[in-house]
Amino acid sequence: KAFREKIAAWFREGLVIGSNPKSKHYWGPDANYHQHHVEIGLLTIALQIAPDQLWHPLSKDEKDRVARWLGTARGNGIVNNNHYFMGVHILEFLMQHGYSRPTDRPIVDEFLTRLELMHRGGGWFEDGINQAYDHYNAYAFHFYGLMWARLYGKGNPERAKRWREWARPFVQDYQHFFAASGEHP
């Protein structure tokens, strides 16, 4: 337990410093087609999974600063592939915590629709402009889609159900991508 508390404190300290434009360790804002967008999306998932350790202990000013930094992801160009999930998770987090803007919900819905249009049947997705059917099916589409369904699916149960249902046939196929030892052939 002490180790977890130490890691959580380290995470929060980094979050507060990295989101502060006055800090020499500032991460910088998100920008068009920038890797920050992916990292910010993953960060918001962490904040949602462990809010009692990572988000709730922050002061109001710290939360406001972090939310402003997360909000730099709004309105930027996003690669037409699984990266739409990052925008979804970022905006959902901001909306859930009182930092929404009127355009956030329509953008989330549009991004999810674009992701769903990449579904090719049997739980498989073509990764947008990459035109790939690769490991991103498991590590992006199903992970981020199921995480969205778990964290935010109450707001759109029909869509959440669709993401859950796509995972079932995919897992039946994907198991064959691994040797009995668990290694990737």
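For this structure, a couple of remarks:
- Within the stretch 99-144, tally of residues that are closer than 23 Å to H176 by Cα and in a loop (DSSP other than H, G, I, E, B): 10
- Flag for A160 being open to solvent by less than 30 Å² (accessible area, probe 1.4 Å), among the small types (G, A, S) and modelled with pLDDT of 95 or more: yes
- Residues in the stretch 42-66 that are open to solvent by 20 Å² or more (accessible area, probe 1.4 Å) and polar (S, T, N, Q): Q48, Q53, S59.
- Restricting the stretch 102-121 to residues that are over 16 Å from G155 (Cα atoms) and in contact with a helix residue (DSSP H, G or I) (Cβ under 8 Å, 6 or more places away or on another chain), the residue that is surrounded by the most Cβ atoms within 10 Å (Cβ to Cβ) is L115.
- You will find that of H83, H34, H97, the residue that is under 30 Å from L115 (Cβ atoms) and surrounded by 19 or more Cβ atoms within 10 Å (Cβ to Cβ) is H83 and no other.
- Only one of the numbered conditions (1) at pLDDT below 95; (2) part of a loop (DSSP other than H, G, I, E, B); (3) open to solvent by 60 Å² or more (accessible area, probe 1.4 Å) is not met by A179, and that is (3).
- Scanning the stretch 122-157 for residues that are over 18 Å from the mean Cα position of the chain (by Cα) and open to solvent by 30 Å² or more (accessible area, probe 1.4 Å) yields G122, W124, E126, I129, N130, Q131, Y133, D134, P157.
- Test for A132: is it touching a residue at least 40 places away in the same chain (Cβ under 8 Å) and more than 17 Å from T44 (Cα to Cα): no
- Counted residues, the stretch 72-116 - those being of a type in the set (D, E, K, R) and within 19 Å of L43 (Cα to Cα): 3
- In the stretch 4-33, the residues that are closer than 22 Å to H83 by Cβ form Cβ pairs under 6 Å with partners that are assigned to a loop (DSSP other than H, G, I, E, B) and open to solvent by less than 30 Å² (accessible area, probe 1.4 Å), at six or more places apart or across chains, as follows: N32/G77; Y33/G77.
- Unmet criterion (only one of (1) polar (S, T, N, Q); (2) within 30 Å of N130 (Cβ to Cβ); (3) open to solvent by 50 Å² or more (accessible area, probe 1.4 Å)) for T72: (3)
The values are calculated or read from the model by the stated rules, or taken from the named source; none is laboratory data. As the structure is a prediction and not an experimental result, all values here were calculated from the model. Virtual Cβ from ideal backbone geometry, glycine too; neighbours counted across all protein chains shown. We work out accessible area using only protein heavy atoms, side chains counted, and drop any ligands, DNA or RNA first. Shrake-Rupley method; radii C 1.70, N 1.55, O 1.52, S 1.80 Å.
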